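Have a look at the structure below before the remarks.
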Amino acid sequence: MNNAIEPITKATMHSEFDVNRYRAEFPALHQEISGRPLVYLDNGASTQKPQAVIDAVESFYAHDYANVHRGIHTLSQRATDLFEAARETVRQFINAASLEEVIFTSGTTESINLVAHSFVRANLQPGDEVIVSMMEHHSNIVPWQLLEQQVGLKVRVIPINEHGELLFDEFLKLLSPKTKLLAITQLSNALGTITPLKAMIDAAHDVGAKVLVDGAQAIAHMEVDVQALDCDFYAFSGHKLFSPTGVGVLYGKRALLDAMPPYQGGGEMIKVVSFEGTEFNELPHKFEAGTPNIAGVIGLASGIDYVTQIGLGQIAAYEHALLEYATAKLSAIDGLRIIGTAKDKASILSFQIAGVHASDLGTLLDHQGVAIRVGHHCAMPVMAFFGVDATARASLAFYNTREDIDALVDAIQKAISMLT
Ligand SMILES: *Cc1c(COP(=O)(O)O)cnc(C)c1O
């Protein structure tokens, strides 16, 4: 039995993963900070860009630039072709059923706000509830709180345990016919917890609720198939996926998007405008008012092509091994406590060191060329749950190495010796 599965395990092992080849393709990784080689471990905040993405954006501006969907001249047609080809790239990447289900936005935050205003607010019934978890990013908390204040939506919160795992039974208790939407992260940016998404989606559907997945962290670390998940909405950003800032995606099931009113009004989202009445454009353009981030969308397609060539399955296996290595190394440091120890975990290491303030640690690490994030990671409720106001967070991407982890550990040891 064990023999039968061994070849699969071997094929996905990091030894087959040519990390140095990939690293070479990220120009920003090859520089010195404070006279030391940069060790970039802030990928949860944003990722560096491969040369292919930089080239795609530059080439667009240098050769093909014009506005989209507007002109019959050659450049406008080229720009439109590249823009719409990017939509197909995204569709395949997340396995959406049709192009109409892929809406370009400015990022995860806008994607969630679109659902908040167009789906939830516009269809709100008295007593409606939205369920989120304790470990959501602020951008999947505050839009719902705003609706709570403005129109009386009720926000319910799934609690977690001391490992940072969702309490599934408590989640089931919150579900009721009043639940309009479950808005849940796939991978916590503060703790690294992977949520049991499929089971949660099925349970939410059983009471007639819809599900919005915050995929901002997950999208760069695991394969995502929106049809297999059967989620109703899925949101992610380009910049955490090795692509430009200011661009993101909202996936939505077509029947839902069709029934939703526009989110913003302007050019592109209309068919006919008159003061007697305006006819809205078809999907996906109904939700893309105004001139979009054309270069960003083209860069996003290039970033997706890049990770697809490597393979998200390969990336996940490599990062999993690296996370285990880093967890063991960090745990061995005296006084260091890892915050977020879920069984199902990816890419994030949040920690605290006794007697050391996270921001002092961040500064001393930067002086040694090591970039991490310190603070509340836009997840203050989860910080409060663990009784801390800040943690240090090292977050991995597939271009990180064991040498990066060793450099992190050395830098932490030096910082501790200076601060305690
Ligand atoms: C980064 C992040 C967001 C917000 O993404 P933006 O790109 O800032 O809109 C939302 N949720 C999670 C889990 C994140 O990590």
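Observations
- Taking the criterion of being among the hydroxyl-bearing types (Ser, Thr, Tyr) and closer than 19 Å to ASN281 by Cβ, the residues of the range 79-105 that qualify are THR80, SER98, THR105.
- Candidate set: the range 97-110, residues that are of a type in the set (A, V, I, L, M) and within 15 Å of GLY215 (Cβ to Cβ); chosen: the one farthest from the ligand (Cβ to nearest atom): VAL102
- Look at the range 329-340: where a residue is in contact (Cβ under 8 Å) with a residue 12 or more places away in the chain and a partner is open to solvent by 10 Å² or more (accessible area, probe 1.4 Å), sitting 6+ places away or on another chain with Cβ atoms under 6 Å, you get LYS329/VAL409; LEU330/LEU336; GLY335/ILE353; GLY335/ALA354; LEU336/ILE353; ARG337/GLN352; ILE339/PHE386.
- Test: residue in the range 157-164 that is at pLDDT below 95 and open to solvent by less than 50 Å² (accessible area, probe 1.4 Å): no
- Among residues of the range 380-420, those that are polar (S, T, N, Q), in contact (Cβ under 8 Å) with a residue 60 or more places away in the chain and surrounded by fewer than 23 Cβ atoms within 10 Å (Cβ to Cβ), counted: 3
- Within the range 21-49, residues that are away from the ligand (no atom under 16 Å from the Cβ) reach partners that are hydroxyl-bearing (Ser, Thr, Tyr) and assigned to a loop (DSSP other than H, G, I, E, B) with beta carbons closer than 6 Å, at six or more positions or on different chains, in the pairs TYR22/TYR399; ARG23/TYR399; PHE26/TYR399.
- Hey, ALA321 surrounded by fewer than 17 Cβ atoms within 10 Å (Cβ to Cβ) and either polar (S, T, N, Q) or free of Cβ contacts under 8 Å to residues at least 24 places away in the same chain (or both) or not: no
- Hits in the range 347-395 (condition: assigned to a loop (DSSP other than H, G, I, E, B) and in contact with a Leu (Cβ under 6 Å, 6 or more places away or on another chain)): SER347, GLY369, ILE372
- Total residues in the range 111-134 satisfying the condition of being more than 16 Å from the ligand (Cβ to nearest atom), in contact with a helix residue (DSSP H, G or I) (Cβ under 9 Å, 6 or more places away or on another chain) and part of a helix (DSSP H, G or I): the figure is 5.
- Where GLY265 falls short, out of the listed (1) open to solvent by 20 Å² or more (accessible area, probe 1.4 Å); (2) within 30 Å of ILE412 (Cβ to Cβ); (3) out of contact with any His (no Cβ under 6 Å at 6 or more places or on another chain); (4) in a loop (DSSP other than H, G, I, E, B): (2)
- For first residues located in the range 129-143 and free of Cβ contacts under 8 Å to residues at least 40 places away in the same chain, partners that are within 11 Å of the ligand (Cβ to nearest atom) and lie 6+ apart or on another chain with Cβ distances below 8 Å form the pairs PRO143/ILE112; PRO143/ASN113.
- Filter result (in a strand (DSSP E or B) and away from the ligand (no atom under 11 Å from the Cβ)) within the range 220-248: PHE233, TYR234
- Where ARG91 falls short, out of the listed (1) more than 16 Å from the ligand (Cβ to nearest atom); (2) of a type outside the set (Gly, Ala, Ser); (3) touching a strand residue (DSSP E or B) at 6+ places or on another chain (Cβ under 8 Å); (4) touching a residue at least 24 places away in the same chain (Cβ under 8 Å): (4)
- Some residue of the range 344-362 being surrounded by fewer than 20 Cβ atoms within 10 Å (Cβ to Cβ) and within 16 Å of the ligand (Cβ to nearest atom): yes
- The range 178-187, residues that are basic (Lys, Arg) and either more than 21 Å from HIS138 (Cα to Cα) or within 11 Å of the ligand (Cβ to nearest atom) (or both): LYS178
- Residues of the range 34-65 classified as more than 20 Å from LEU241 (Cβ to Cβ) and at pLDDT 95 or above, total: 10
- Once the range 290-315 is narrowed to residues that are open to solvent by less than 30 Å² (accessible area, probe 1.4 Å) and more than 18 Å from the chain's Cα centre (by Cα), the residue that is farthest from ILE219 (Cα to Cα) is GLY290.
Rundown of residues vs (1) open to solvent by 10 Å² or more (accessible area, probe 1.4 Å); (2) out of contact with any Lys or Arg (no Cβ under 8 Å at 6 or more places or on another chain); (3) within 16 Å of the ligand (Cβ to nearest atom); (4) more than 26 Å from SER395 (Cα to Cα), yes/no style:
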residue	(1), (2), (3), (4)
TRP144	no, yes, yes, yes
ASN189	yes, yes, yes, no
ALA199	yes, yes, no, yes
VAL207	yes, yes, no, yes
VAL211	no, yes, yes, yes
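- Residues satisfying the stated conditions in the range 71-83, i.e. in contact with a helix residue (DSSP H, G or I) (Cβ under 6 Å, 6 or more places away or on another chain) and not aliphatic (A, V, I, L, M): ARG78, PHE83
The values are calculated or read from the model by the stated rules, or taken from the named source; none is laboratory data. Here the structure is a predicted model, which is why all the values come from computation and not from measurement. Quick reminder, even Gly has a Cβ in these numbers, built from the backbone with ideal geometry, and neighbours come from all protein chains shown. We work out accessible area using only protein heavy atoms, side chains counted, and drop any ligands, DNA or RNA first. Shrake-Rupley method; radii C 1.70, N 1.55, O 1.52, S 1.80 Å.
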